Amino acid sequence: GTSHRYVAGRVAELCGKELKDMKVITCHLGNGSSITAIRDGKVVDTSMGFTPQEGVPMGTRSGSIDPTIVPFLMDKLGVTPAEMDDILTKKSGLLGVSGVSSDCREVNAAADAGNARARLAIDILIHDAKKIIGSYVAELNGVDALVFTAGIGENDRKLRADICRDMDALGIVLDEQVNDECPRGQAFELTGKGSRARVFVIPTDEEYMIALDTQTLTENL
Ligand code: AMP
């Protein structure tokens with residue numbers, strides 16, 4: 001939430017608008033990942049659920065799966081609820097599917113070297129992120145700005161391009177050349193020709209938001 005709040009504020013600044021007048025989708029893709037739909041300055045949907053387990057696959061968390069997989073696996077593996085929870089939170093996601101690592105860089109390297117499970121793990125992440133972004137465009141009835149942030153969102157240029165590819169029907173076009181060449185570590189606009197939404201990469205700053213909230217709380221003591 002802290003990260004989404006920070007990048008949503010920054011994207012409004014970069015667009016020269018008030019967040020309350022915008023429809024924004026923020027993609028925090030890191031070890032933990034979530035995607036959020038924001039309208040009128042308020043979060044109207046987010047991909048995490050009862051726990052941070054739901055949504056896109058993460059480093060070691062499964063993300064959304066068919067709920068019936070849980071009793072099926074418990075029966076098949078003969079594990080307790082606590083052991084099943086451990087599998088879903090610590091042994092799934094990029095790590096579980098690839099069998100290589102929870103670190104996206106290592107999974108990418110293995111996929112590039114021809115490891116089919118590593119390729120599948122990355123493909124599931126791309127597919128699920130696209131699906132959630134698409135559903136949020138429907139929910140918001142359009143989107144003014146799409147933002148990528150966190151370790152994967154800020155650094156994995158190929159993944160950003162793969163997520164945004166073939167989303168022009170939804171008004172989202174990323175400029176692949178700008179995406180390839182943009183400097184790291186700073187906010188940058190990646191909007192492509194014909195895009196109705198503006199696309200950005202924005203480094204997150206959760207520490208800044210925590211400091212700001214602490215200041216606000218302590219000022220009112
Ligand atoms: P975070 O939780 O935001 O620190 O993000 C950690 C994730 O970002 C790990 O999966 C890293 O592999 C990933 N990451 C960091 N740099 C890169 C990069 N250059 N390409 C792909 N993934 C990256």
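The values are calculated or read from the model by the stated rules, or taken from the named source; none is laboratory data. The model shown is predicted, which means the values in this text are computed figures rather than measured ones. Methodologically, a virtual Cβ is constructed for each residue, glycine included, from the backbone with ideal geometry; neighbour enumeration extends over all protein chains shown. Calculation scope for accessible area: heavy atoms of the full protein, side chains included, ligands and nucleic acids excluded. Shrake-Rupley method; radii C 1.70, N 1.55, O 1.52, S 1.80 Å.
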Residue list for region 152-204, restricted to those being away from the ligand (no atom under 16 Å from the Cβ), among the acidic types (Asp, Glu) and assigned to a loop (DSSP other than H, G, I, E, B): 166, 175
Conditions (1) more than 13 Å from the ligand (Cβ to nearest atom); (2) within 16 Å of residue 30 (Cα to Cα); (3) assigned to a helix (DSSP H, G or I): number failed by residue 136: (2)
All positions within region 12-38 that are among the polar types (S, T, N, Q) and surrounded by 17 or more Cβ atoms within 10 Å (Cβ to Cβ): 26, 33, 34, 36
Enumeration of residues in region 91-112 that are closer than 21 Å to residue 55 by Cα and charged (D, E, K, R): 91, 103, 105
Among the candidates 9, 49, 41, 63, residue that is within 16 Å of the ligand (Cβ to nearest atom) and either in contact with a helix residue (DSSP H, G or I) (Cβ under 7 Å, 6 or more places away or on another chain) or open to solvent by less than 60 Å² (accessible area, probe 1.4 Å) (or both): 63
Members of region 153-174 that are in contact with a Lys or Arg (Cβ under 9 Å, 6 or more places away or on another chain) and open to solvent by less than 50 Å² (accessible area, probe 1.4 Å): 153, 154, 156, 162, 163, 164, 167, 171, 172, 173, 174
Some residue of region 67-87 being polar (S, T, N, Q) and open to solvent by less than 20 Å² (accessible area, probe 1.4 Å): no
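Listed here are the residues, each with its yes/no results for (1) out of contact with any helix residue (DSSP H, G or I) (no Cβ under 9 Å at 6 or more places or on another chain); (2) free of Cβ contacts under 8 Å to residues at least 24 places away in the same chain; (3) acidic (Asp, Glu).
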{"position": "84", "(1), (2), (3)": "no, yes, no"}
{"position": "92", "(1), (2), (3)": "yes, no, no"}
{"position": "122", "(1), (2), (3)": "no, no, no"}
{"position": "138", "(1), (2), (3)": "no, yes, no"}
Residue match in region 143-150 (condition: out of contact with any Leu (no Cβ under 6 Å at 6 or more places or on another chain), part of a helix (DSSP H, G or I) and farther than 20 Å from residue 186 by Cβ): no
Filtered residue count, region 98-119, keeping only those that are out of contact with any Lys or Arg (no Cβ under 6 Å at 6 or more places or on another chain) and surrounded by 21 or more Cβ atoms within 10 Å (Cβ to Cβ): 4
Meets criteria (closer than 22 Å to residue 17 by Cα, open to solvent by 10 Å² or more (accessible area, probe 1.4 Å) and free of Cβ contacts under 8 Å to residues at least 24 places away in the same chain) for residue 204: no
Condition broken by residue 47, with the remaining ones in (1) without any contact (Cβ under 8 Å) to a residue 12 or more places away in the chain; (2) in contact with a strand residue (DSSP E or B) (Cβ under 9 Å, 6 or more places away or on another chain) satisfied: (1)
